[in-house]
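Comments concern the structure below.
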Amino acid sequence: MRALPPRAAAIAIAALLIAACGGNDDDTPDMGSSPSPSPPPLATVGQPTETIRPEPEAPPATPPDSGPRERSEPAPTEVPDSSTEPPPGVVALFPGHNDLDTDRINLVVAASGWGDFDRFVAFAKEILTFDGEPLLLDENGEPTAAAATASQAAFGLFAIEPWRSSRQLFNVWYLTEQADDPTPTLNRGQNVSGLPNELVVYLVPDFEFESVAGQTSFFPPDLPDRDGGFFFGDVLIDVPTTAPFSVASNLAHEVGHAMFGLSDEYVGDFLGFDGRSDLTSYPACAEDRDEAETFWGAIAGDVDPMFEIWMETLRELGLGFRPADVEFFRSRVTVGYVDGGCYGVDGSYRATQDSLMYGEIPVLGSANRQWAERVLALWSSS
Ligand SMILES: [Zn+2]
């Protein structure tokens, strides 16, 4: 990941204040959005230290046996395309899946600044990992079909729970027109696709700032009545042309902001205390022990089941961690009381050491996941 430019860092910190304070926008950044920088690079796994980035061990050296991997699209038997047509310029990204006759969230992927539009569409199909399986990348960061040639497995949005098991709640589209400047839409005020329940993900090659996410009305802990009006934030993903597929988990992280109002949990550890007055950000950041016990005391000791899926998937691919490291990572996603909280202040707490909202690992953590499932239930129960 690139280093955060000073201006972007300032914007990010201002925006983080907005996110944590639930809409106090005295310092609204000039982009009109809520930037959410990717966490800085972390250390390599193998020697658990203070800051860890899970990098699988190198796979056994075996000869490549095939060319670039083509992801299998979801079986069209799951849900057929509806008889209702989408608005002009809106096309199904995964033919056979979408159904406009069913109440669903419409995830819309949009291009901005792509020279080759077909490449954008192909990239969008890959990066969402819509078949629920991670994207295998070789040592150059390019997709590979064979686990034997993979050096890492990138878990995109739909390879991570609860999105993974909720694909039937989503239609996924792309826009045929590229956006000139997507930033004004990030804090809403306009519908881009003409579809209801819209969340737009802009993929922007070499965007000048870090990836950003707009605010959602599903800002915890209040679960709004859908009839009372609501919105998701939009997301803008900086796609570095030198390593485009590296953004798979970053996209999921930003959707965590834009869809569920989850907060960045790495701020204190990586950027230092930013001076904010409010250390509370439900569901995973609490200002003191009492509040922490109120927020997640009932699930203390829980491990998000996605952790086991993550570990098992890596094991099957030959990319698994050593047993000691598995236990180390399990401890990092076990719900407890992590002193320092999300903003680096002693006596404040966060629910887990690591999460999608901390180090962009493919595990939300049980506190975040519980809230995310409550939001998704507004669709699954309707
Ligand atoms: Zn973020």
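The values are calculated or read from the model by the stated rules, or taken from the named source; none is laboratory data. Values in this document were obtained by computation on a predicted structure and should not be read as measured data. Because the Cβ atoms are built from the backbone with ideal geometry, glycine has one as well, and the counts that use them run over all protein chains shown.
Counting the residues of the stretch 326-365 that are in contact with a Ser or Thr (Cβ under 8 Å, 6 or more places away or on another chain) and farther than 25 Å from F273 by Cα gives 1.
Take the residues in the stretch 354-382 that are within 16 Å of the ligand (Cβ to nearest atom) and among the acidic types (D, E), then tell me which one is nearest to A300 (Cα to Cα). Selected residue: D354. If only residues of the stretch 325-343 that are closer than 25 Å to A147 by Cβ and free of Cβ contacts under 8 Å to residues at least 40 places away in the same chain are counted, the one that is surrounded by the fewest Cβ atoms within 10 Å (Cβ to Cβ) is E327. The combined condition, being in contact with a Pro (Cβ under 9 Å, 6 or more places away or on another chain) and within 15 Å of the ligand (Cβ to nearest atom), is fulfilled by F270.
With respect to P283, is the statement that it is away from the ligand (no atom under 15 Å from the Cβ), under 21 Å from the mean Cα position of the chain (by Cα), more than 30 Å from R119 (Cα to Cα) and at pLDDT 95 or above true? Here the answer is yes, as P283 does meet what is asked.
Among the residues making up the stretch 296-346, those that are in a helix (DSSP H, G or I) and among the basic types (K, R) are R315, R330, R332. Can you tell me how many residues in the stretch 328-372 are on the phi > 0 side of the Ramachandran plot and among the β-branched types (V, I, T)? Number satisfying all stated conditions: 0. Scanning the stretch 262-295 for residues that are in a loop (DSSP other than H, G, I, E, B) and under 15 Å from S355 (Cα atoms) gives L262, S263, D264, E265, Y266, Y282, P283, A284. Residues in the stretch 203-244 that are among the hydroxyl-bearing types (S, T, Y), under 16 Å from L262 (Cβ atoms) and away from the ligand (no atom under 16 Å from the Cβ): S217 only. The set of residues in the stretch 347-374 that are small (G, A, S) and outside any loop (DSSP other than H, G, I, E, B) comprises G347, S348, S366, A367, A372.
Before we move on, is S263 small (G, A, S), at pLDDT below 95 and within 30 Å of D234 (Cα to Cα)? Criteria not met by S263. When you look at E177, is it within 25 Å of N368 (Cβ to Cβ), out of contact with any Phe, Trp or Tyr (no Cβ under 7 Å at 6 or more places or on another chain) and either within 16 Å of the ligand (Cβ to nearest atom) or not in a helix (DSSP H, G or I) (or both), yes or no? Here the answer is no, as E177 does not meet what is asked.
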